[in-house]
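Report on the following structure.
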Amino acid sequence: MRPSSFSRLAAATAVVAVAVADSLHQRNVDSSSSVEGLNCNAPRNAPPLGQVITTCRSPGQVALTYDDGPYIHTSSLLDHLDDLNVTATFFLVGSNWGRQMDEDEWASIVRRMHAAGHQLASHTWDHEDLNLLDRAGRAQQMRRNGDVFRNILGFAPRYMRPPFLSCGESCVADLSDMGYYVVDTDLDTNDWQHNTPETVHISERIFDDLLGWEPRGVSRIVLAHDTQSTTVHRLTSHMISTLRGRGFEAVTVGECLGDPKNNWYWY
């Protein structure tokens with residue numbers, strides 16, 4: 001007897017479901033197309049994959065972020081943040097400024113960051129422009145930096161920021177396939193340009209002008225660099241005192257997105 005239309009549809013649906021499941025499984029295990037694998041158990045309020053994150057979800061919160069470290073000024077910044085009871089987000093580079101992040105001096109700084117409650121994120125292996133690389137090159141940048149994090153801490157970050165904030169549509173798609181949250185900024189202090197005692201006031205003014213005055217309707221992801229002495233010893237204090245004076249709270253990127261801490265890393 002010929003099967004009914006409903007039976008044929010059910011059978012076809014089952015075949016498609018099996019094919020989709022096999023495809024998703026292969027996507028998770030194929031290291032050529034996925035660096036870390038997708039986190040299918042991520043909470044519903046996790047940040048979106050495949051989109052560039054430029055701002056917080058929670059009004060009244062400011063995520064201070066620091067790129068390119070660890071560096072010779074980073075320990076002083078950690079001291080300062082400890083004194084002010086502030087947690088920040090550090091986008092770390094595996095090989096930069098003539099040092100390797102898993103060398104003893106730098107690895108101890110990374111461990112201190114994590115122990116103090118700061119969020120750690122990836123800024124690629126050696127700060128290459130991801131827009132100038134193909135899919136395999138981008139995967140290598142993320143895999144190598146993830147391996148360094150695992151060597152130091154036993155886990156790797158899911159959050160990343162592209163060097164030079166340079167990551168077009170195909171780049172974002174590749175990073176999404178790898179399972180990364182791509183973070184940009186909506187308040188760039190340009191501190192690397194205004195990095196002398198005579199010019200740092202320009203970055204302070206940029207922060208003041210762009211922060212906003214109404215915490216109930218504003219949030220910010222701030223970009224700065226712990227590689228700049230003036231950022232560590234002057235700009236950071238100014239940012240924290242200003243944001244607090246206007247009624248804002250300093251938090252990590254994950255916190256300002258409402259993302260639980262157990263989703264910040266691959267364990």
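Screening Glu214, Glu249 for residues that are in contact with a strand residue (DSSP E or B) (Cβ under 6 Å, 6 or more places away or on another chain) and over 20 Å from Leu92 (Cβ atoms) leaves exactly one candidate, Glu249. Within the stretch 186-201, if we keep just the residues that are open to solvent by less than 20 Å² (accessible area, probe 1.4 Å) and part of a loop (DSSP other than H, G, I, E, B), the residue that is nearest to Asp226 (Cα to Cα) turns out to be Asp191.
How about the stretch 50-163: which helices (runs of 4 or more DSSP H) wholly inside it have at least 3 residues that are touching an Asp or Glu at 6+ places or on another chain (Cβ under 6 Å) and more than 27 Å from Leu210 (Cα to Cα)?
Ranges flagged: 135-153.
Listed conditions (1) among the aliphatic types (A, V, I, L, M); (2) in a helix (DSSP H, G or I); (3) open to solvent by 10 Å² or more (accessible area, probe 1.4 Å); (4) in contact with a helix residue (DSSP H, G or I) (Cβ under 8 Å, 6 or more places away or on another chain) are all met by Ala250, apart from (2).
Every condition in (1) open to solvent by less than 40 Å² (accessible area, probe 1.4 Å); (2) in contact (Cβ under 8 Å) with a residue 60 or more places away in the chain; (3) within 18 Å of Glu255 (Cβ to Cβ) is met by Leu84 except one, and the failing one is (1).
For the stretch 253-266, filtering for residues that are open to solvent by 20 Å² or more (accessible area, probe 1.4 Å) and either over 24 Å from Arg150 (Cα atoms) or assigned to a loop (DSSP other than H, G, I, E, B) (or both) leaves 2. Screening the stretch 96-134 for residues that are polar (S, T, N, Q) and in contact (Cβ under 8 Å) with a residue 40 or more places away in the chain and picking the one that is surrounded by the most Cβ atoms within 10 Å (Cβ to Cβ) gives Ser122.
Looking for whichever is touching a Cys at 6+ places or on another chain (Cβ under 6 Å) and polar (S, T, N, Q) here; the options are Ser58, Ser108, Ser95, Ser76. Which one fits?
Values: Ser108 fails: touching a Cys at 6+ places or on another chain (Cβ under 6 Å); Ser95 fails: touching a Cys at 6+ places or on another chain (Cβ under 6 Å); Ser76 fails: touching a Cys at 6+ places or on another chain (Cβ under 6 Å).
Sole residue among the options that is touching a Cys at 6+ places or on another chain (Cβ under 6 Å) and polar (S, T, N, Q): Ser58.
The values are calculated or read from the model by the stated rules, or taken from the named source; none is laboratory data. Keep in mind it's a predicted model, so treat the numbers as computed, not measured. Here Cβ is always computed from backbone atoms with ideal geometry, including for glycine, and neighbour counts include all displayed protein chains. Ligands, DNA and RNA are excluded from the accessible area calculation, which covers all protein heavy atoms including side chains. Shrake-Rupley method; radii C 1.70, N 1.55, O 1.52, S 1.80 Å.
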